[in-house]
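Visitor: Below is one structure. I have some questions about it.
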Amino acid sequence: MNLYLIIFTSGSYKMEQTYQSHKELFMALEQHFTLHLVNHTETESIPANAYKLAFIASGGVEDAVIRNFSSLPYPITLLADGLNNSLAAALEISACMHNKDMKVRIIHGQVADMTEQVLRHHKAFAAKRSLRGKRIGIIGTPAPWLVASHVDYLLASQRWGVNYIDIPLQEVYKRFYAITDDEIGLEASIFANKAKACQDTTPEELLKAMRLYKAIKQLCTSEKLDAVTLSCFSLIKQLKTTGCLALSLLNNEGIPAGCEGDLQAIMTMLMAKAVTGQPSFMGNPSFIDTKRNELLLAHCTIATKMVNDFIIRDHFETQSGIAIQGMMHEGDVTLFKCGSECLDEYYLAEGYLTENTNLSTSCRTQFKIKLNKPVSYFLTNPLGNHHILLQGNHAAELQEFMQQNRCKLRE
């Protein structure tokens, strides 16, 4: 990994002298990056799209930084180890930029802490770059009840570099009908043998659901899709099966796959994958307990690689097809949602999964979660219905990612 530090120092610039003056930090960074020190007057030598930060090497450079603002990546990040009055200069620069309504942050602290912050900053930078050109397939149309989950395709492309691709359901239908049971029988049998149990459904339903998975997988390959969201209720009417199994298996394979044609939720899942490398679970907040600060998150599909055991069930709303009831160990989780039509707002909280419930009034996979932020957000200012769950604590890296991309936190 390359890191280009744009050096601002008072007096004449001498690379060796600058390196020696800040050797402890630079050596720590060199454990992770190939370090390039570039004088602020020579930024045109830095390759386009390279990872770069402003390094405040001393005091007395405030005016130079302001004058060279356009050569710095935005939002502005100032790296200052405090030596030679560098932190004092960074504070003055930051105040000036804030007065002009520009976003700026300072990375400062102990060397180990600064290095960790730079690594997190780079991870967000790399995740954003990885999103460029990603193709999100919308198979069918968004569910009519998702009245707050629209996305402006043009703005999404401009802000995030992704492309939403509308695909008619007929493309799935023709592939589905061309697949025989013999082609998918072995896979269905292997999947069934991995389940803890099978209830409320039949082997014939599993075969149909596996055919649908194969059809959608073929479509993802032919259309070069990096993520997909499915108009699942429309499919049920035509094919008499559900997409829950297909979405579970696609998520297992690293293709973020969501339900109901939710454009915001699938983008959130793609972001989560880009930042953390992990699959995620898309769920409905089904019950809220403000006194205990808990919520129940439920849906009828989950990547089976996320859970310890799973039961093959029928679909909750229609009592047909195949659904997945996943059981996950208690542990730390993160809730995340990128929303608004421009995909420029987000919700983020960490919590603890306390229980797998089995209520007859909710979708099959059910997680009770105790949050570390007020759960009242869901009742007073939510970013729509569907929210995304990740295993583990990922708030710091997701916060870095969203802030670096100038998004507003919804609380």
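Visitor: With an 8 Å Cα cut-off and a minimum separation of 6 or more residues, compute the relative contact order for the chain in percent.
Guide: Relative CO of the chain lands at 13 percent.
Visitor: Determine the sum of side-chain charges near Thr354: Lys and Arg each +1, Asp and Glu each -1, restricted to other residues whose C-beta is under 14 angstrom from that of Thr354.
Guide: Local net charge: -3.
Visitor: Can I ask one more? Who wins for biggest fluctuation among Thr268, Thr276, Thr229 in a Gaussian network model of the chain, springs between alpha carbons below 10 Å?
Guide: Between Thr268, Thr276, Thr229, it is Thr276 that shows the largest mean-square fluctuation.
Visitor: To continue, here is another question. Which aspartates and glutamates have a Cα lying under 13 Å from the Cα of Lys273, excluding residues fewer than 8 positions away in the same chain?
Guide: Asp226, Glu253, Glu397
Visitor: Would you kindly work out the equivalent ellipsoid of the range 187-333 from its C-alpha gyration tensor and give its semi-axes, the square roots of five times the eigenvalues, largest first in whole Å?
Guide: For the range 187-333, the semi-axes come out at 23, 19, 15 Å.
Visitor: Given +1 on the Cβ of Lys and Arg, -1 on the Cβ of Asp and Glu, and no further charges, what dipole in debye does the range 256-382 carry about its Cα centre, rounded to the nearest 20?
Guide: With Lys and Arg at +1 and Asp and Glu at -1, about 240 debye.
Visitor: Now a separate question. GNM on the chain, C-alpha springs below 10 Å: top fluctuator among Tyr13, Tyr173, Tyr153?
Guide: Among Tyr13, Tyr173, Tyr153, the largest GNM mean-square fluctuation belongs to Tyr13.
Visitor: If you don't mind, another one. Between Asn251, Asn308, Asn385, find the one with the highest GNM mean-square fluctuation for the chain; connect C-alpha pairs within less than 10 Å.
Guide: Of the options given, Asn308 has the highest mean-square fluctuation.
Visitor: Here's another thing I want to ask about it. Can you compute 3J(HN,Hα) from phi for each residue in the range 24-34, using the Karplus curve 6.51 cos²θ - 1.76 cosθ + 1.60 with θ = phi - 60°, rounded to whole Hz and x for Gly and Pro?
Guide: 4, 5, 4, 5, 5, 5, 6, 5, 10, 10, 8
Visitor: Find the relative contact order for the range 2-131 and round it to a whole percent, using C-alpha pairs within less than 8 Å whose residues are 6+ positions apart.
Guide: Contact order relative to length: 26 percent.
Visitor: While we're looking at this one, here's another question. Once you have the alpha carbon radius of gyration of the chain, what is it after dividing by 2.2 N^0.38 Å, with N set to its residue count?
Guide: Against the compact-globule rule of thumb, the ratio is 1.13.
Visitor: Any chance you could list the semi-axes, whole Å, largest first, of the equivalent ellipsoid that the Cα gyration tensor gives for the range 1-50, using √(5λ)?
Guide: 17, 17, 6
Visitor: Over 20 Å, how big is the tail of the calculated P(r) for the range 117-257, in percent of all Cα pairs?
Guide: 54
Visitor: Moving on. Which residues' amide hydrogens lie under 5 Å from the amide hydrogen of Lys52, considering only partners 5 or more residues apart or on another chain, with H built in the peptide plane?
Guide: Tyr4
Visitor: Please report Rg over Rh for the range 299-411, where both radii come from the alpha carbon positions and Rh follows the Kirkwood definition.
Guide: Rg/Rh for the range 299-411 comes to 1.00.
Visitor: Give me Rg over Rh for the range 133-189, both radii from the alpha carbons and Rh done the Kirkwood way, two decimal places.
Guide: On the Cα set of the range 133-189, Rg over Rh gives 1.15.
Visitor: Quick one: give the max-minus-min coordinate of the C-alpha atoms of the range 35-176 along each principal axis, largest first, in Å.
Guide: 69, 31, 30
Visitor: Okay, moving on. Too long at a 32 Å Cα-Cα cut-off: which of Lys237/Lys305; Lys123/Lys370; Lys194/Lys217; Lys134/Lys291; Lys123/Lys305; Lys52/Lys337?
Guide: Lys134/Lys291
Visitor: In whole Hz, with x marking every Gly and Pro, tabulate ³J(HN,Hα) for the range 283-297 from phi via Karplus 6.51 cos²θ - 1.76 cosθ + 1.60, θ = phi - 60°.
Guide: For the range 283-297, the Karplus curve yields x, 8, x, 9, 9, 10, 10, 6, 5, 8, 6, 10, 9, 10, 10 Hz.
Visitor: Helix-only mean residue ellipticity at 222 nm, the chain, DSSP H runs n ≥ 4 weighted -39,500 (n - 2.57), per residue, nearest 500. What is it?
Guide: About -11000 deg cm²/dmol.
Visitor: State log₁₀ I(q)/I(0) for the range 13-99 at q = 0.11, 0.17, 0.21 Å⁻¹ as given by the Debye formula over alpha-carbon point scatterers of equal weight, solvent excluded.
Guide: Normalising to I(0) and taking log10 leaves -0.30, -0.74, -1.15.
Visitor: Excluding Gln403 itself, what net charge comes from residues whose Cβ is under 15 Å from its Cβ, given Lys and Arg +1 and Asp and Glu -1?
Guide: Spelling it out: positives minus negatives among the neighbours equals +4.
Every number in this text was worked out from the coordinates using simple rules, so none of it is lab data. Since this is a predicted model, take the numbers as computed values, not measurements. Heads up, the Cβs are rebuilt from the backbone with ideal geometry, glycines too, and the neighbour counts pull from every protein chain shown.
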